[in-house]
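Asker: The structure that follows is given in the form of structure tokens.
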Amino acid sequence: MTVIATTSPGFGRHGRVPHKLAENGWELIRCIDTSRPDGGLGEHLPRVDYLVVGLVPVTAATLEAAPRLKAVLKHGVGTDNIDIPACTARGIPVLNTPGANANAVAELALGMMFSFARRIPQGHASVIAGGWDRKVGIEIAGRTLGIVGLGNIGRMLALKALALGMKVVASDLYPDKTFMAEHGIELMDLDALLAQSDFVSLHVFGGKDNAALIGAERLARMKPTACLLNLARGEVVDADALHAALAEGRLGGAALDAYVTEPPDVSHPLFSLPNVIFSPHTGADTVEAVERVGLMNIADIEALMAGGRPARVLNPEVFAR
């Protein structure tokens with residue numbers, strides 16, 4: 001029997017995915033014990049044929065303990081927690097699911113913008129506390145949204161923002177100039193984008209190349225009324241610098257869905273500020289997105305089992321051996 005292990009809480013739970021797994025006759029092992037650093041994966045690795053990864057890291061040691069492992073599949077997009085060179089050295093393909101959760105993340109970004117603009121969390125807290133603290137907010141129509149990283153998620157967010165009457169500008173190392181020209185999106189460098197935007201939404205990969213991409217110097221370039229949204233990875237934003245900018249009134253607000261450690265250490269002073277919206281890395285958590293991601297994972301496993309070479313393989317050189 002083919003054995004699938006997963007460290008993703010959502011894999012195999014929604015839509016057609018559970019039926020498809022049962023139909024294939026695969027054994028699914030859930031390794032999602034939050035009290036253990038690896039979710040409990042370690043004790044099962046000797047039996048695992050395919051690993052569907054959540055946020056638990058996949059290291060060279062992980063591979064060494066899994067002699068039957070045939071592929072590592074990310075239940076999502078970001079693969080910064082997977083040691084791809086180590087997988088390549090072992091001849092193990094690594095796959096992800098680009099585009100599957102783009103709409104879900106884009107919708108959450110919009111929700112965060114509306115929450116900031118109309119002070120929705122504060123209004124909720126006021127009413128349930130017996131108060132009636134009516135705040136005058138702003139409309140997002142006519143405001144400028146700066147998107148940092150115009151990939152699948154960034155493009156989806158851009159279309160939604162344009163439909164709501166926002167002006168969209170973007171920063172991207174490898175821009176889709178055709179898409180930008182078609183929709184009137186201006187390409188600019190990051191510093192210029194930060195200075196002009198009322199909302200800045202981050203959609204870049206994590207890892208050392210983007211660590212503290214938004215630090216004190218760049219936060220100082222933003223408007224004092226602006227809102228920073230991070231739906232990428234926690235390390236992309238310097239949390240200490242962000243706290244200082246918000247606490248000193250040099251930035252209007254922030255909305256965070258990703259953290260350096262998850263769950264985060266809520267003793268950090270950032271979590272005591274009233275102008276920050278927090279969510280538990282839930283950008284991709286819709287029934288529709290989780291189903292799409294799971295079905296893509298299953299399709300890639302089926303293709304590999306049939307001797308195929310799925311298009312979503314991130315290290316195709318493993319097939320040249």
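Coordinate-derived values only; no laboratory data. None of the values given here were measured: they were computed from a predicted structure. Don't worry about glycine lacking a Cβ; one is built from the backbone with ideal geometry, like all the others, and counts go over all protein chains shown.
Asker: Would you work out the Kirkwood radius for the chain? I mean one over the mean of 1/r across all pairs of different Cα atoms, in Å.
Answerer: When all Cα pairs of the chain are included, the Kirkwood radius is 21.0 Å.
Asker: Arrange the peptides 28-40, 261-273, 48-60, 165-177 so that the one whose residues have, on average, the most other Cβ atoms within 10 Å appears first.
Answerer: Going by the mean number of other Cβ atoms within 10 Å, highest first, we get 48-60, 165-177, 28-40, 261-273.
Asker: Using only Cα atoms, find the angle between the long axis of helix 287-305 and the longest principal axis of the chain, and express it within 0 to 90 degrees, rounded to the nearest 10.
Answerer: Between the helix axis and the principal axis of the chain, the angle is about 30 degrees.
Asker: May I pose another question? Can you list, bin by bin at 10 Å, the percent of alpha carbon pairs in segment 102-278, starting at 0?
Answerer: With a bin width of 10 Å, the distribution comes to 10, 40, 36, 12, 2, 0.
Asker: Can you compute 3J(HN,Hα) from phi for each residue in segment 95-111, using the Karplus curve 6.51 cos²θ - 1.76 cosθ + 1.60 with θ = phi - 60°, rounded to whole Hz and x for Gly and Pro?
Answerer: Once θ is set to phi - 60°, the couplings for segment 95-111 become 10, 9, 10, x, x, 5, 10, 4, 5, 4, 5, 4, 5, 5, 4, 4, x Hz.
Asker: For the ranges 313-320, 68-75, 111-118, what's the packing order if you count other beta-carbon atoms within 10 Å of each residue, average per peptide, and put the highest first?
Answerer: 68-75, 111-118, 313-320
Asker: Another question about this same structure. Under the rule of at least 5 residues apart or a separate chain, name every residue whose amide H is placed under 5 Å from the amide H of Ile277.
Answerer: Ala254, Ala255, Leu256
Asker: Let me ask another. Quick check on the chain: of the DSSP beta bridges with both residues there, what percent are antiparallel, nearest 5%?
Answerer: Among the beta bridges of the chain, antiparallel pairing accounts for roughly 5 percent.
Asker: Just Arg134, Arg143, Arg16 to compare: in a GNM of the chain, with alpha carbon springs under 10 Å, which one fluctuates most?
Answerer: Looking only at Arg134, Arg143, Arg16, the largest GNM fluctuation is found for Arg134.
Asker: Now a separate question. Quick one: which of Lys177/Lys208; Lys167/Lys223; Lys160/Lys223; Lys20/Lys74; Lys20/Lys160; Lys74/Lys208 span more than 25 angstrom between C-alpha atoms?
Answerer: In this structure, Lys177/Lys208; Lys20/Lys160 exceed 25 Å between Cα atoms.
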